[in-house]
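What follows is a short report on a single structure.
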Amino acid sequence: MVYRFWCGECGFKTPWLAESEGAQSQLDHYNKQHPGILAGGHVETNRRNPQGSRPSGLACLQVAGILVLLLIIAAACRR
């Protein structure tokens with residue numbers, strides 16, 4: 001499961017991360033942007049997509065393949 005932490009003081013939110021990474025990112029934000037204030041806000045969980053919004057290695061490979069095909073087609077059309 002992945003989590004997104006929201007700041008209680010401003011509109012900051014972490015990306016979808018593991019719980020410990022998200023909590024650390026929120027603490028880092030509070031230390032930098034709101035020094036002296038205890039971390040607050042709320043935590044959102046993503047149960048539908050446990051990997052978060054990060055593309056998998058296969059998805060990146062598919063996108064790269066499509067881009068290469070588009071470049072080949074564009075080069076062929078220029079001739």
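The values are calculated or read from the model by the stated rules, or taken from the named source; none is laboratory data. Model, not experiment: these values are computed from the prediction. Backbone-built Cβ (ideal geometry, glycine too); neighbour counts: all protein chains shown. We work out accessible area using only protein heavy atoms, side chains counted, and drop any ligands, DNA or RNA first. Shrake-Rupley method; radii C 1.70, N 1.55, O 1.52, S 1.80 Å.
Please work out which one of (1) surrounded by 10 or more Cβ atoms within 10 Å (Cβ to Cβ); (2) modelled with pLDDT of 90 or more; (3) of a type outside the set (Phe, Trp, Tyr) is the condition Arg54 fails and give its number.
(2)
Which residues, counting only those in region 16-34, are farther than 14 Å from Thr45 by Cβ and buried (at least 16 other Cβ atoms within 10 Å of the Cβ)?
Across region 16-34, the qualifying residues are Ser25, Gln26, His29, Tyr30, His34.
Please go through region 1-14 and give me each residue that is part of a loop (DSSP other than H, G, I, E, B), over 11 Å from Asn46 (Cβ atoms) and open to solvent by 40 Å² or more (accessible area, probe 1.4 Å), ordered by number.
Gly8, Glu9, Cys10, Gly11, Phe12
Pairs only if they're at least six apart or on different chains, beta carbon under 8 angstrom, first in region 34-48 and under 14 Å from Arg4 (Cα atoms) and assigned to a strand (DSSP E or B), second β-branched (Val, Ile, Thr) and open to solvent by less than 90 Å² (accessible area, probe 1.4 Å); list them, first residue then second.
Thr45/Val2; Asn46/Val2
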